[in-house]
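Have a look at the structure below before the remarks.
The values are calculated or read from the model by the stated rules, or taken from the named source; none is laboratory data. Worth saying up front: this structure is predicted, and the values here are computed from it rather than measured. Glycine also receives a Cβ, built like all others from the backbone with ideal geometry; neighbour counts cover every protein chain displayed.
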């Protein structure tokens with residue numbers, strides 16, 4: 001199927017003003033957007049801002065000839081753009097050298113109108129395919145980002161899932177071990193959540209978890225703070241470079257944040273509203289600890305908080 005005839009952005013580089021102006025006028029008459037440069041250095045300066053889809057490049061120029069300019073373009077700019085050399089030389093050796101030096105085609109000066117039109121039609125087809133490819137690539141990148149988010153995100157609460165928590169904790173253990181810095185892991189559990197579901201139903205139960213997750217995610221959103229759903233009604237908060245004193249303050253803040261949500265809970269025996277119990281493990285890792293070992297330490301403290309009456313936090317001694 002024939003691709004649509006589209007206007008393309010052409011960077012025209014020629015040190016001879018008259019030839020530059022004549023060719024620029026012809027290109028504009030054909031409906032193209034043209035930016036001119038009188039030297040190779042000027043072409044390189046405007047290249048990024050103009051973002052050409054085709055470069056028409058004279059070979060014989062002072063200071064930097066066309067071959068040097070082409071090599072600079074191929075070295076500096078990752079994206080491939082067609083380069084057509086312009087020259088009064090039509091020897092086969094010169095044409096071969098032009099292709100070897102990074103060119104894609106060759107036009108002999110003075111440029112024949114019919115030949116120019118034919119070359120530009122081919123370049124228009126290439127430009128149309130490149131635009132389509134860039135669009136598809138952008139869509140695929142967005143899709144990949146979305147898929148990555150889905151892979152790392154808990155479907156119900158929209159915070160990180162257990163898989164992502166495990167990977168982040170593994171990396172944090174190694175980093176904190178190398179730098180001998182404190183790491184804190186907080187496991188928190190919604191008190192009497194089964195009773196909550198029994199009294200209010202699973203839809204309200206899901207809504208309760210979503211509100212808690214959103215509050216935690218908003219409150220711990222800085223670099224080095226990770227919030228995730230550990231499982232069921234349990235959440236994990238991982239805090240980098242956080243010692244026991246700071247960890248205790250953060251646990252108190254979590255308790256206050258959940259209380260401020262004021263989610264009614266008639267099935268609780270410790271409050272009229274939803275509360276959480278927390279196990280707060282703060283330590284300086286040696287870098288060799290396993291993920292299971294670290295979460296187990298926090299889980300033991302969480303169990304102690306629940307056994308001690310719930311709606312409280314127990315911090316590592």
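Looking at segment 258-294 only, could you name the residues that are in contact (Cβ under 8 Å) with a residue 12 or more places away in the chain, surrounded by fewer than 22 Cβ atoms within 10 Å (Cβ to Cβ), outside any loop (DSSP other than H, G, I, E, B) and in contact with a strand residue (DSSP E or B) (Cβ under 9 Å, 6 or more places away or on another chain)?
If the condition is that a residue be in contact (Cβ under 8 Å) with a residue 12 or more places away in the chain, surrounded by fewer than 22 Cβ atoms within 10 Å (Cβ to Cβ), outside any loop (DSSP other than H, G, I, E, B) and in contact with a strand residue (DSSP E or B) (Cβ under 9 Å, 6 or more places away or on another chain), then 259, 261, 273, 283, 294 are the ones that fit.
Out of (1) farther than 30 Å from residue 90 by Cα; (2) not in a helix (DSSP H, G or I), what's the single condition that is false for residue 106?
Only one criterion is unmet by residue 106, namely (1).
Just the residues that are assigned to a loop (DSSP other than H, G, I, E, B) and either modelled with pLDDT of 95 or more or within 16 Å of residue 40 (Cα to Cα) (or both), please, taken from segment 62-80.
Matches in segment 62-80: 62, 63, 64, 65, 77.
Scan segment 242-255 and report the pairs whose first residue is touching a residue at least 60 places away in the same chain (Cβ under 8 Å) and whose second residue is part of a helix (DSSP H, G or I), with Cβ atoms within less than 9 Å and a gap of 6+ or a chain change.
Close Cβ pairs (under 9 Å, with a partner that is part of a helix (DSSP H, G or I)) amount to 242/250; 254/215; 254/216; 254/219.
Working only within segment 222-247, note down all residues that are over 23 Å from residue 179 (Cβ atoms) and part of a loop (DSSP other than H, G, I, E, B).
Of everything in segment 222-247, those that are over 23 Å from residue 179 (Cβ atoms) and part of a loop (DSSP other than H, G, I, E, B) turn out to be 232, 233.
Quick one: in segment 181-203, of everything that is loosely packed, with under 14 Cβ neighbours inside 10 Å and outside any loop (DSSP other than H, G, I, E, B), which residue is farthest from the chain's Cα centre (by Cα)?
This residue is 198.
Among (1) under 23 Å from the mean Cα position of the chain (by Cα); (2) part of a helix (DSSP H, G or I), where does residue 157 come up short?
(2)
This table checks each residue for (1) touching a helix residue (DSSP H, G or I) at 6+ places or on another chain (Cβ under 7 Å); (2) at pLDDT below 95.
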{"residue": "231", "(1), (2)": "yes, yes"}
{"residue": "244", "(1), (2)": "no, no"}
{"residue": "280", "(1), (2)": "yes, no"}
{"residue": "297", "(1), (2)": "no, no"}
{"residue": "311", "(1), (2)": "no, no"}
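Consider residue 221 carefully, then state whether it is touching a helix residue (DSSP H, G or I) at 6+ places or on another chain (Cβ under 9 Å) and either crowded, with 16+ Cβ neighbours inside 10 Å or under 18 Å from residue 154 (Cβ atoms) (or both).
Spelling it out, it is not the case that residue 221 is touching a helix residue (DSSP H, G or I) at 6+ places or on another chain (Cβ under 9 Å) and either crowded, with 16+ Cβ neighbours inside 10 Å or under 18 Å from residue 154 (Cβ atoms) (or both).
Might you let me know whether segment 165-180 holds any residue that is assigned to a helix (DSSP H, G or I), under 19 Å from residue 312 (Cα atoms), touching a strand residue (DSSP E or B) at 6+ places or on another chain (Cβ under 7 Å) and in contact (Cβ under 8 Å) with a residue 40 or more places away in the chain?
No, every residue in segment 165-180 fails to be assigned to a helix (DSSP H, G or I), under 19 Å from residue 312 (Cα atoms), touching a strand residue (DSSP E or B) at 6+ places or on another chain (Cβ under 7 Å) and in contact (Cβ under 8 Å) with a residue 40 or more places away in the chain.
Identify all residues within segment 81-106 that are surrounded by 15 or more Cβ atoms within 10 Å (Cβ to Cβ) and over 42 Å from the mean Cα position of the chain (by Cα); write none if there are none.
87, 89, 94, 95
Which ones in segment 22-41 are part of a helix (DSSP H, G or I) and surrounded by fewer than 17 Cβ atoms within 10 Å (Cβ to Cβ)?
Selection gives 22, 25, 26, 28, 29, 41.
Just to be sure I understand, how many residues within segment 54-69 are out of contact with any helix residue (DSSP H, G or I) (no Cβ under 8 Å at 6 or more places or on another chain) and surrounded by 15 or more Cβ atoms within 10 Å (Cβ to Cβ)?
0
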